[in-house]
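Heads up, the thing below is written out as structure tokens.
The values are calculated or read from the model by the stated rules, or taken from the named source; none is laboratory data. These numbers were taken from a predicted model, which means no experiment stands behind them. Neighbour counts are summed over all protein chains in view; Cβ atoms, including those assigned to glycine, are modelled from backbone coordinates with ideal geometry.
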Amino acid sequence: MTSDITVVGLGAMGTALATALLDTGRNVTVWNRTHEKMKSMVERGARGADDLDEAISASPRTLICLLNYSTTNALFDTRPVSKAAAGSNIIQLGTSSPQESEDSRKQFNNWGAGYLDGTIMCWPGDIGTSTGRIAIAGDEIAFADSKADLGVLAGDLRYLGSNVRSAATLELAFLSRLLGIIFGSIHGSLVCEAEGLPVSEFTSILPPGDRAIPLTEAIHAGSFDEISGGGASVDVAGEAVTGLYDHAVSMGINTELPTLMRNWVKRAQDAGFGKQETAAIIKALRKN
């Protein structure tokens, strides 16, 4: 093996992860389907692998940060890649359902790999800092082996135990809170508009750093075509709401809140606002 850790996936978050590892002196191998994205990491000292199986074989542990778990499954479900994973520890950081996390553990274990499942609960700019937060769950031995590397990625590293579903569960709980803030603030802005109070007055009483600030600023300015800092489109919010709804249905818990949010998103999408800032949902709720 030629490196300490391999990073698979070099989007904004994967690049931040690889950068933080390089900055602490790790020998890092990187791989991305679009090889051009590896260039900046190679210039910083990483080793770029031509093939995924080569990248995995280069290190005793591999950190995966891809768009979704379906992408991971498609990339790893080949004989050369799954064979390369045997004997290594796989750490997958992404957004998943608890069931997807469980399915991934079973698959990687079947291939002879240790498996950790995690969620990144911060922005790319927080990676490698004291404000970074990552929650990890899965095999205790794999965590002990990977703890030093994971520790440099986030000052707030939380190991939730051996139940591999735990990190995805915590993310769903946090997502429910975040979506509650977003959708509640959209209604709060609607209340202000109905009473003739500028939405900027609502914004002014929000605490510093509140997620609703850019949302309400967009509503006040009518700048729905521009995705606010740290924001997301209506379509992206719709994916998050759908995940929350699907989990509630699968576990037999109350679905009323995610159903309401799904309905709001659908109304905005049907009105053609899917690519706009999440705040654009208000346009589908206003009186004609």
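Among the residues of region 63-81, is there at least one that is among the charged types (D, E, K, R), closer than 21 Å to residue 168 by Cβ and in a loop (DSSP other than H, G, I, E, B)?
So in region 63-81, the residues among the charged types (D, E, K, R) come out as 77, 79.
If we keep only those that are closer than 21 Å to residue 168 by Cβ as well, we get 77.
Among the residues that remain, those that are also in a loop (DSSP other than H, G, I, E, B) are: 77.
Yes, region 63-81 contains at least one residue that is among the charged types (D, E, K, R), closer than 21 Å to residue 168 by Cβ and in a loop (DSSP other than H, G, I, E, B).
Among the residues of region 89-139, those that are assigned to a strand (DSSP E or B), over 23 Å from residue 240 (Cβ atoms) and not hydrophobic (A, V, I, L, M, F, W, C) comprise 89, 114, 115, 129, 130, 138.
Mind checking which residues of region 272-286 are without any contact (Cβ under 8 Å) to a residue 40 or more places away in the chain and either outside the structural domain of residue 217 (by TED's automatic domain parsing) or farther than 14 Å from residue 225 by Cβ (or both)? It would help to see each step written out before you state the result.
So the first thing to find is which residues in region 272-286 are without any contact (Cβ under 8 Å) to a residue 40 or more places away in the chain, and the list is 272, 284.
Once the filter is applied, which keeps residues that are without any contact (Cβ under 8 Å) to a residue 40 or more places away in the chain and either outside the structural domain of residue 217 (by TED's automatic domain parsing) or farther than 14 Å from residue 225 by Cβ (or both), region 272-286 yields only 284.
Only one entry of 30, 42 meets the criterion of being touching a residue at least 12 places away in the same chain (Cβ under 8 Å) and part of a strand (DSSP E or B), and that entry is 30.
When residue 97 is tested against (1) modelled with pLDDT under 95; (2) within 20 Å of residue 70 (Cβ to Cβ); (3) in contact with a strand residue (DSSP E or B) (Cβ under 8 Å, 6 or more places away or on another chain); (4) not aliphatic (A, V, I, L, M), only condition (3) is not met.
Let's see how each residue does on (1) crowded, with 16+ Cβ neighbours inside 10 Å; (2) out of contact with any helix residue (DSSP H, G or I) (no Cβ under 6 Å at 6 or more places or on another chain); (3) at pLDDT below 95:
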| position | (1), (2), (3) |
| --- | --- |
| 251 | no, yes, no |
| 262 | yes, no, no |
| 268 | yes, no, no |
| 272 | no, yes, no |
| 281 | yes, no, no |
| 287 | no, yes, yes |
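Return the residue satisfying two criteria in turn: it lies in region 224-237 and is within 21 Å of residue 121 (Cβ to Cβ) and under 17 Å from the mean Cα position of the chain (by Cα), and of such residues it is surrounded by the fewest Cβ atoms within 10 Å (Cβ to Cβ). By that ranking, first place goes to 229. With respect to the stated conditions, residue 244 fails to be out of contact with any Gly (no Cβ under 9 Å at 6 or more places or on another chain) and either among the small types (Gly, Ala, Ser) or surrounded by fewer than 17 Cβ atoms within 10 Å (Cβ to Cβ) (or both). Right, residue 267: farther than 26 Å from residue 122 by Cα and not in a loop (DSSP other than H, G, I, E, B) or not? When the stated conditions are applied, residue 267 passes them. Examine region 44-52 for a residue that is of a type in the set (Gly, Ala, Ser) and over 25 Å from residue 79 (Cα atoms), and state whether such a residue exists. Yes: one or more hits.
Is one or more of the residues making up region 174-196 not in a helix (DSSP H, G or I) and not assigned by TED's automatic domain parsing to the domain that holds residue 28? Among the residues of region 174-196, at least one is not in a helix (DSSP H, G or I) and not assigned by TED's automatic domain parsing to the domain that holds residue 28, which makes the answer yes. Here the condition is being assigned to a helix (DSSP H, G or I), of a type in the set (S, T, N, Q) and either farther than 30 Å from residue 165 by Cα or touching a strand residue (DSSP E or B) at 6+ places or on another chain (Cβ under 6 Å) (or both); of 203, 259, 242, it holds for 203 alone.
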